[in-house]
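Engineer: Take this structure first; my questions come after.
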Amino acid sequence: MIDEEESLVSAVALSRNKQLAFALLVFERMLPSLLVFSKDTGFDGSCYLQAKDAAWASLQSGAVDEALKDACLRGAPDTEDFSHELTSYALNAALAMADIAEYTLDGRADHIASVLALARDSLHLYLSALAPSAGSSPERDRRIAGHPLIRQEQRREREDIAFLSGVPDELDDKAVLALRARVKTQTPLLPLSR
(Lines give C-alpha, C1' and ligand atoms only; values in the text may rest on other atoms or scores of the structure.)
Protein backbone atom coordinates (compact mmCIF):
# COMPACT_ATOMS: atom_id res chain seq x y z
CA MET A 1 0.00 0.00 0.00
CA ILE A 2 0.95 3.61 -0.43
CA ASP A 3 2.90 4.93 2.51
CA GLU A 4 0.04 7.26 3.23
CA GLU A 5 1.33 8.16 6.68
CA GLU A 6 4.66 9.44 5.28
CA SER A 7 2.83 11.56 2.70
CA LEU A 8 0.36 12.84 5.27
CA VAL A 9 3.04 13.81 7.80
CA SER A 10 4.95 15.67 5.09
CA ALA A 11 1.80 17.32 3.73
CA VAL A 12 0.51 18.58 7.08
CA ALA A 13 3.89 20.20 7.73
CA LEU A 14 3.05 22.51 4.82
CA SER A 15 1.05 25.73 5.17
CA ARG A 16 -2.73 25.47 4.89
CA ASN A 17 -2.77 26.67 1.26
CA LYS A 18 -0.04 24.21 0.33
CA GLN A 19 -1.97 21.38 2.00
CA LEU A 20 -4.96 22.33 -0.14
CA ALA A 21 -2.77 22.45 -3.25
CA PHE A 22 -1.38 18.99 -2.41
CA ALA A 23 -4.90 17.56 -2.08
CA LEU A 24 -5.88 19.18 -5.37
CA LEU A 25 -2.89 17.63 -7.14
CA VAL A 26 -3.92 14.18 -5.86
CA PHE A 27 -7.55 14.81 -6.84
CA GLU A 28 -6.55 15.90 -10.35
CA ARG A 29 -5.00 12.44 -10.81
CA MET A 30 -8.25 10.83 -9.62
CA LEU A 31 -10.51 13.03 -11.76
CA PRO A 32 -10.13 11.21 -15.13
CA SER A 33 -11.94 8.15 -13.71
CA LEU A 34 -14.89 10.35 -12.74
CA LEU A 35 -14.91 12.05 -16.14
CA VAL A 36 -14.89 8.77 -18.08
CA PHE A 37 -17.56 7.35 -15.76
CA SER A 38 -19.71 10.47 -16.31
CA LYS A 39 -19.30 10.29 -20.08
CA ASP A 40 -20.13 6.59 -20.24
CA THR A 41 -23.11 6.63 -17.89
CA GLY A 42 -24.58 10.10 -18.34
CA PHE A 43 -23.83 10.86 -14.68
CA ASP A 44 -23.80 14.62 -14.08
CA GLY A 45 -20.39 15.36 -12.64
CA SER A 46 -20.57 19.11 -13.20
CA CYS A 47 -20.66 19.97 -9.49
CA TYR A 48 -17.27 18.25 -9.07
CA LEU A 49 -15.76 20.34 -11.84
CA GLN A 50 -17.29 23.49 -10.32
CA ALA A 51 -15.98 22.53 -6.88
CA LYS A 52 -12.53 21.81 -8.34
CA ASP A 53 -12.42 25.25 -9.97
CA ALA A 54 -13.66 26.87 -6.76
CA ALA A 55 -11.03 25.01 -4.72
CA TRP A 56 -8.26 26.17 -7.05
CA ALA A 57 -9.60 29.72 -6.78
CA SER A 58 -9.77 29.40 -2.99
CA LEU A 59 -5.99 29.07 -2.89
CA GLN A 60 -6.04 32.85 -3.18
CA SER A 61 -9.54 33.94 -2.27
CA GLY A 62 -11.17 31.98 0.56
CA ALA A 63 -13.36 28.92 0.90
CA VAL A 64 -15.56 26.91 -1.45
CA ASP A 65 -19.25 27.67 -1.02
CA GLU A 66 -20.77 25.25 1.49
CA ALA A 67 -23.75 24.60 -0.81
CA LEU A 68 -21.35 23.36 -3.50
CA LYS A 69 -19.64 21.08 -0.98
CA ASP A 70 -23.06 19.71 0.05
CA ALA A 71 -23.99 19.15 -3.61
CA CYS A 72 -20.79 17.13 -4.06
CA LEU A 73 -21.71 14.89 -1.13
CA ARG A 74 -25.35 14.46 -2.14
CA GLY A 75 -24.54 13.85 -5.78
CA ALA A 76 -21.82 11.20 -5.35
CA PRO A 77 -22.47 8.16 -7.55
CA ASP A 78 -24.08 5.29 -5.66
CA THR A 79 -22.46 1.90 -6.25
CA GLU A 80 -25.91 0.32 -5.99
CA ASP A 81 -27.28 2.46 -8.83
CA PHE A 82 -24.42 1.94 -11.30
CA SER A 83 -22.72 -1.20 -12.56
CA HIS A 84 -20.03 0.57 -14.59
CA GLU A 85 -16.47 -0.67 -14.05
CA LEU A 86 -15.39 2.80 -12.89
CA THR A 87 -18.21 3.40 -10.38
CA SER A 88 -16.09 2.89 -7.26
CA TYR A 89 -13.28 5.04 -8.63
CA ALA A 90 -15.73 7.79 -9.59
CA LEU A 91 -17.23 7.61 -6.11
CA ASN A 92 -13.78 7.94 -4.53
CA ALA A 93 -12.99 10.97 -6.70
CA ALA A 94 -16.35 12.55 -5.82
CA LEU A 95 -15.76 12.00 -2.11
CA ALA A 96 -12.22 13.36 -2.42
CA MET A 97 -13.58 16.59 -3.90
CA ALA A 98 -16.14 16.85 -1.09
CA ASP A 99 -13.28 16.48 1.41
CA ILE A 100 -11.27 19.16 -0.37
CA ALA A 101 -14.24 21.54 -0.33
CA GLU A 102 -14.76 20.83 3.37
CA TYR A 103 -11.05 21.48 4.00
CA THR A 104 -11.41 24.96 2.52
CA LEU A 105 -14.12 25.59 5.12
CA ASP A 106 -12.56 24.14 8.28
CA GLY A 107 -8.84 23.54 7.57
CA ARG A 108 -8.81 20.14 9.31
CA ALA A 109 -5.98 17.83 8.20
CA ASP A 110 -8.24 14.77 8.42
CA HIS A 111 -9.69 15.87 5.06
CA ILE A 112 -6.21 15.68 3.52
CA ALA A 113 -5.82 12.20 5.07
CA SER A 114 -9.14 11.20 3.57
CA VAL A 115 -8.12 12.33 0.07
CA LEU A 116 -4.94 10.25 0.34
CA ALA A 117 -6.91 7.25 1.65
CA LEU A 118 -9.41 7.50 -1.22
CA ALA A 119 -6.59 7.58 -3.77
CA ARG A 120 -4.93 4.61 -2.07
CA ASP A 121 -8.23 2.72 -1.97
CA SER A 122 -8.74 3.32 -5.68
CA LEU A 123 -5.30 1.95 -6.50
CA HIS A 124 -5.73 -1.02 -4.19
CA LEU A 125 -9.13 -1.85 -5.68
CA TYR A 126 -7.78 -1.56 -9.22
CA LEU A 127 -4.77 -3.77 -8.51
CA SER A 128 -6.88 -6.31 -6.61
CA ALA A 129 -9.13 -6.63 -9.65
CA LEU A 130 -6.12 -7.33 -11.88
CA ALA A 131 -5.15 -10.38 -9.83
CA PRO A 132 -8.28 -11.53 -8.02
CA SER A 133 -7.93 -14.20 -5.39
CA ALA A 134 -10.02 -15.47 -2.53
CA GLY A 135 -9.67 -13.26 0.52
CA SER A 136 -6.73 -11.12 1.46
CA SER A 137 -3.32 -12.52 2.11
CA PRO A 138 -0.07 -10.97 3.27
CA GLU A 139 1.58 -12.19 0.04
CA ARG A 140 -1.04 -10.49 -2.14
CA ASP A 141 -0.86 -7.31 -0.06
CA ARG A 142 2.95 -7.25 -0.47
CA ARG A 143 2.61 -7.68 -4.23
CA ILE A 144 0.13 -4.82 -4.39
CA ALA A 145 2.29 -2.61 -2.16
CA GLY A 146 5.25 -3.16 -4.48
CA HIS A 147 3.31 -2.67 -7.72
CA PRO A 148 4.69 0.01 -10.08
CA LEU A 149 1.43 2.01 -9.92
CA ILE A 150 1.70 2.20 -6.13
CA ARG A 151 5.35 3.20 -6.29
CA GLN A 152 4.54 5.78 -8.98
CA GLU A 153 1.88 7.41 -6.79
CA GLN A 154 4.22 7.43 -3.78
CA ARG A 155 6.87 9.12 -5.92
CA ARG A 156 4.39 11.68 -7.27
CA GLU A 157 3.22 12.53 -3.75
CA ARG A 158 6.82 13.04 -2.60
CA GLU A 159 7.53 15.16 -5.68
CA ASP A 160 4.35 17.22 -5.12
CA ILE A 161 5.37 17.89 -1.52
CA ALA A 162 8.92 18.83 -2.56
CA PHE A 163 7.54 21.12 -5.27
CA LEU A 164 5.15 22.78 -2.81
CA SER A 165 7.93 23.22 -0.28
CA GLY A 166 9.69 25.43 -2.80
CA VAL A 167 6.86 27.88 -3.45
CA PRO A 168 5.84 30.80 -1.20
CA ASP A 169 3.33 30.05 1.57
CA GLU A 170 1.00 32.70 0.21
CA LEU A 171 0.40 31.28 -3.24
CA ASP A 172 0.55 34.12 -5.75
CA ASP A 173 -0.65 33.99 -9.37
CA LYS A 174 2.73 32.69 -10.54
CA ALA A 175 2.70 29.80 -8.03
CA VAL A 176 -0.88 28.85 -8.90
CA LEU A 177 -0.01 28.87 -12.62
CA ALA A 178 2.98 26.63 -11.88
CA LEU A 179 0.70 24.24 -9.97
CA ARG A 180 -1.83 24.19 -12.82
CA ALA A 181 1.00 23.47 -15.27
CA ARG A 182 2.12 20.62 -13.01
CA VAL A 183 -1.36 19.07 -13.25
CA LYS A 184 -1.10 18.98 -17.04
CA THR A 185 2.14 16.98 -16.93
CA GLN A 186 0.83 14.18 -14.74
CA THR A 187 -0.85 10.98 -15.82
CA PRO A 188 -4.10 9.76 -14.23
CA LEU A 189 -4.01 7.74 -11.02
CA LEU A 190 -5.39 4.73 -12.90
CA PRO A 191 -4.53 3.70 -16.44
CA LEU A 192 -7.65 4.29 -18.51
CA SER A 193 -8.00 2.47 -21.80
CA ARG A 194 -9.85 5.27 -23.57
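Engineer: Here's a check for you: in region 12-35, which residue that is crowded, with 24+ Cβ neighbours inside 10 Å and small (Gly, Ala, Ser) is nearest to Tyr103 (Cα to Cα)?
Structural biologist: Applying the filter and picking the extreme gives Ala23.
Engineer: Still on this structure, I have one more. For region 79-93, which residues satisfy the criterion of being among the small types (Gly, Ala, Ser), surrounded by fewer than 24 Cβ atoms within 10 Å (Cβ to Cβ) and either touching a Ser or Thr at 6+ places or on another chain (Cβ under 7 Å) or in contact (Cβ under 8 Å) with a residue 60 or more places away in the chain (or both)?
Structural biologist: Selection gives Ser88 alone.
Engineer: Report, by residue number, each residue of region 52-97 that is hydroxyl-bearing (Ser, Thr, Tyr) and within 17 Å of Tyr126 (Cα to Cα).
Structural biologist: Those that are hydroxyl-bearing (Ser, Thr, Tyr) and within 17 Å of Tyr126 (Cα to Cα): Thr79, Ser83, Thr87, Ser88, Tyr89.
Engineer: Give the residues of region 117-173 that are touching a Lys or Arg at 6+ places or on another chain (Cβ under 9 Å), outside any helix (DSSP H, G or I) and surrounded by 15 or more Cβ atoms within 10 Å (Cβ to Cβ), sorted by residue number.
Structural biologist: Listed by number, the residues that qualify are Val167, Leu171.
Engineer: Inspect region 98-115 for any residue being more than 22 Å from Glu170 (Cα to Cα), crowded, with 20+ Cβ neighbours inside 10 Å, modelled with pLDDT of 95 or more and among the hydrophobic types (A, V, I, L, M, F, W, C) and give the result as yes or no.
Structural biologist: yes
Engineer: Name the residue, out of Ala76, Ala63, that is surrounded by 14 or more Cβ atoms within 10 Å (Cβ to Cβ) and modelled with pLDDT of 95 or more.
Structural biologist: Residue meeting the stated conditions: Ala76.
Engineer: For the list (1) out of contact with any Leu (no Cβ under 6 Å at 6 or more places or on another chain); (2) under 19 Å from Leu86 (Cα atoms); (3) not polar (S, T, N, Q), I need the number of the one condition that Tyr126 fails.
Structural biologist: Of the numbered conditions (1) out of contact with any Leu (no Cβ under 6 Å at 6 or more places or on another chain); (2) under 19 Å from Leu86 (Cα atoms); (3) not polar (S, T, N, Q), the odd one out for Tyr126 is (1).
The values are calculated or read from the model by the stated rules, or taken from the named source; none is laboratory data. For clarity, every value in this text was computed on a predicted model and none was experimentally measured. Here the Cβ is made from the backbone with ideal geometry for all residues, glycine too, and neighbour counts use every protein chain on show.
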